[in-house]
1. Looking at (1) assigned to a helix (DSSP H, G or I); (2) over 13 Å from residue 311 (Cα atoms), which is the only condition residue 153 fails?
2. Hey, can you tell me all the residues within region 219-235 that are more than 21 Å from residue 146 (Cα to Cα), in contact with a helix residue (DSSP H, G or I) (Cβ under 9 Å, 6 or more places away or on another chain) and of a type outside the set (Gly, Ala, Ser)?
3. Kindly provide the set of residues from region 186-202 that are under 14 Å from residue 223 (Cα atoms) and either surrounded by fewer than 24 Cβ atoms within 10 Å (Cβ to Cβ) or modelled with pLDDT under 95 (or both), ordered by number.
4. What helices (runs of 4 or more DSSP H) lie completely within region 359-458 and have 2 or more residues being exposed (fewer than 15 other Cβ atoms within 10 Å of the Cβ) and within 23 Å of the chain's Cα centre (by Cα)?
5. Would you mind stating whether residue 388 is modelled with pLDDT of 85 or more, farther than 26 Å from residue 62 by Cα and either aliphatic (A, V, I, L, M) or touching a Ser or Thr at 6+ places or on another chain (Cβ under 6 Å) (or both)?
6. Taking residue 236 as meeting all but one of (1) surrounded by fewer than 23 Cβ atoms within 10 Å (Cβ to Cβ); (2) within 16 Å of residue 167 (Cα to Cα); (3) of a type in the set (Val, Ile, Thr), write down the number of the exception.
7. Does region 162-182 include one or more residues that are crowded, with 21+ Cβ neighbours inside 10 Å, touching a Phe, Trp or Tyr at 6+ places or on another chain (Cβ under 9 Å), under 20 Å from residue 268 (Cα atoms) and in the same structural domain as residue 444 (by TED's automatic domain parsing)?
8. Are any residues in region 296-311 at pLDDT 95 or above and either surrounded by 13 or more Cβ atoms within 10 Å (Cβ to Cβ) or of a type in the set (D, E, K, R) (or both), and if so, which ones?
Amino acid sequence: MSLINRENHKGDSNGEKIYPFAKWMSWLFLVASTVLLIYTYYRAEITFQGARGVVYFKYYLISLVGILFWGVVLRLREGVRANIVTIVISLVVSLYLIEGGLRLFKLPADISSHMFVAKKYGVEFDTRTQLEVITDLIASGEDAIPAIRPYNIVKIIDEILPLGGISRATTVSSNETGRFMVYPSDRYGFNNPDSEWDSSKVDYLLTGDSFAEGLSVQPGEDIAGQIRLMTKKSVISLGRSGNGPLMELAAISEYAPKLHPKRVLWVYYESNDLTANLPAEKMFLMLMNYLDDNFSQNLINHQPEIDQFLREYAQDAQDAQDAQDAQEKTEWIKLLAVRQLLNLDTRDIVDPLFSIILNKAKSRTEAWGGELYFVYLPGQDRYKNTVISHDQYRQKAEILNLVESLNIPIIDIHQQVFAKHFDPLSLFPFRVYGHYNAVGYSKVAKAIIKKINHQELK
């Protein structure tokens, strides 16, 4: 056999192997595009009942183009189809490599990313897991428990939904600074000195998510603790990690009427309150019930039952961690970091429900003679990325216009603190994605006090 014939035979042999594979992969991509279309319809029209059509339009377009494209590819010559499949597979592999890089160096607000950067700065970092820290504290005689997010509980509850945590326990949360956030919880499981609940006059009450709770600093370094230190007045935080607008309204409704706080601070975090938290919370009837002015679980009088339930839940901490790990893997499969980089997950619509929630919070606060303030907190990505318009970023102007229309005083932390700071990233642990450091929280507290004092002098 001549050399040319041998080469042709070799080429035919390779083609016999790759052509069926290419056809099989083309069908697989076609099916995947169809599944994406069905899933997009389910999320857009059933889960969100058409309220996020602008967001999901992109995925409708991607899936439909995918179906059309792979339908055409299947009708092409085998050699052309094989080349297209090879290119597409290369692109998919590249996307997942980019996803891995983004998660390693930018996206995660977890211990691995902060630990990596801490080494760069020569900062000693506690490498233990949360479970290991709890085990060590128990061994030393502490009643140590993990910080349990209400949002994790709402998915499994049958009756009472706890909005606080386990009372009067050593609560272990996250680690972004090199030291785990460990605090003694108060009588309702929040991050406050327990004696604050005995105050005859509460001057400040905060409702919000992990920023209001004070992740990931030590007791007293959070917003509430700093306001307490600076003003020498009574301050209570109802903040819990993972809370969104409905959880925050629920916390006010359950705990604030007993206290009659003079000022209620609605601590709003721009990166997820409306984009992730509210859409998820809307799915739970228990939380939607708090739109009813007469609804209450009477949680203040059910703390023993709450403690028992949460302690049983905490005993299964490893399973909870496994579930969280599974969720993170799912986010990796979904190319979450790449989608965020390409701005595919930007929510262009402020849910009308947010206005209703804020108005409810305002009227309930005014019922005991208090005043509601809206505290706008910016995220780290605002300062890490090149932002052309800070007002348009995360729909900031639209959100603040909404708040202003409800006659709620605004404390814009971006304008009052971060925009004026010579190095805003220095207010985050190791300058990476996450919560504020102690200095950042201190500056936020000062800005809140200054704005409120100015407002009350008018």
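The values are calculated or read from the model by the stated rules, or taken from the named source; none is laboratory data. No experiment lies behind these values; they were computed from the predicted model shown. Here the Cβ is made from the backbone with ideal geometry for all residues, glycine too, and neighbour counts use every protein chain on show.
1. Condition (2) is where residue 153 drops out.
2. Once the filter is applied, which keeps residues that are more than 21 Å from residue 146 (Cα to Cα), in contact with a helix residue (DSSP H, G or I) (Cβ under 9 Å, 6 or more places away or on another chain) and of a type outside the set (Gly, Ala, Ser), region 219-235 yields 223, 226, 227, 228, 229, 230, 231, 233, 235.
3. Of the residues in region 186-202, the ones under 14 Å from residue 223 (Cα atoms) are 190-193.
Residue satisfying the conditions is 193 alone.
4. Details: elements: 381-384, 396-405, 438-457.
Per the criteria, 396-405.
5. Working: modelled with pLDDT of 85 or more: no; farther than 26 Å from residue 62 by Cα: yes; either aliphatic (A, V, I, L, M) or touching a Ser or Thr at 6+ places or on another chain (Cβ under 6 Å) (or both): yes.
Spelling it out, it is not the case that residue 388 is modelled with pLDDT of 85 or more, farther than 26 Å from residue 62 by Cα and either aliphatic (A, V, I, L, M) or touching a Ser or Thr at 6+ places or on another chain (Cβ under 6 Å) (or both).
6. So the condition that residue 236 fails would be (1).
7. yes
8. Hits for region 296-311 are 296, 297, 299, 300, 302, 303, 305, 306, 307.
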